[in-house]
Amino acid sequence: MPLLPLFAACALAQADPLPEISFDLARAQAQNREASIAPENDPARQARVRKALAHAFARYPAGFLAQNVRTVYVVRAMADDGAGYGGLTGEDGTSVLITDGDDDGVDGDWIETVFHHETAHVLMEDFHREFSRRAWRDATDPGFRYAHPKGDGGMAAILQGEDDATFTPTLNAQGPLNPYGASCFDEDWATYAQNVVDPSPEFRDLVRRYDYVARRAALVEDFYERIVPGWEPSPFRSTL
Ligand SMILES: [Zn+2]
């Protein structure tokens, strides 16, 4: 009977829960009543979204994500007051809403980046006691000030057109990665987290060149190592 227990073990391993992927407009809308949301109803695009998200989910140990992000709502586009945005956290605190590209096609890299970014917001909410805001301030130029330190800085930045996500040398020398990250702590944090979780060669280069970037990246990595059992260290560590 040696095959039976082995088979049962495989079946159990596959049963590790993952976040649910939903394309249901009404359920997505219930997570943000102000946003005007265009649904993703195209089966071919939905299949590509599922593939990209499966890759993003695999970055986290089995079972961890579903405890914190139960549902990923995927939509074609979202906007508020005419300003579009790529992702949001859900009002229930256990879901994220993400867009999947543009009318030209699904962008798998974009989906993964937005998923890691919004998940970072959820994890900071859930585990904020595990993160030292003081250490973050210490890894920031003393002269730096967030553009929108109070309230919903990310939304304010989008509405004022300050949502540029391009790495910006003058900011990198002070700590933040880009104008969007310079809007408020929450976006500063999430723009770092998305890069530490899935670092590009450009990000690794910034880690090498800017002391504040290296220190902040290490703080983010330490946070994930603390809160995620079995976390696989980010490859950016090899550049330190
Ligand atoms: Zn954000």
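The values are calculated or read from the model by the stated rules, or taken from the named source; none is laboratory data. Bear in mind the structure is a predicted one, so any value in this text is a computation, not a measurement. Here the Cβ is made from the backbone with ideal geometry for all residues, glycine too, and neighbour counts use every protein chain on show.
Within region 111-123, residues that are in the same structural domain as Tyr85 (by TED's automatic domain parsing) reach partners that are of a type in the set (Asp, Glu) and surrounded by fewer than 24 Cβ atoms within 10 Å (Cβ to Cβ) with beta carbons closer than 8 Å, at six or more positions or on different chains, in the pairs Glu112/Asp198; Thr113/Asp198; His116/Asp198; His121/Asp186. With respect to Asn178, determine if the residue is among the polar types (S, T, N, Q), assigned to a helix (DSSP H, G or I), within 16 Å of the ligand (Cβ to nearest atom) and touching a residue at least 12 places away in the same chain (Cβ under 8 Å). So Asn178 fails the test. From the list Gln160, Gln174, the lone residue that is over 28 Å from Ala52 (Cα atoms) and modelled with pLDDT under 95 is Gln160.
Taking the criterion of being closer than 13 Å to Leu177 by Cα, surrounded by 21 or more Cβ atoms within 10 Å (Cβ to Cβ) and touching a residue at least 60 places away in the same chain (Cβ under 8 Å), the residues of region 193-240 that qualify are Ala193, Gln194, Arg216.
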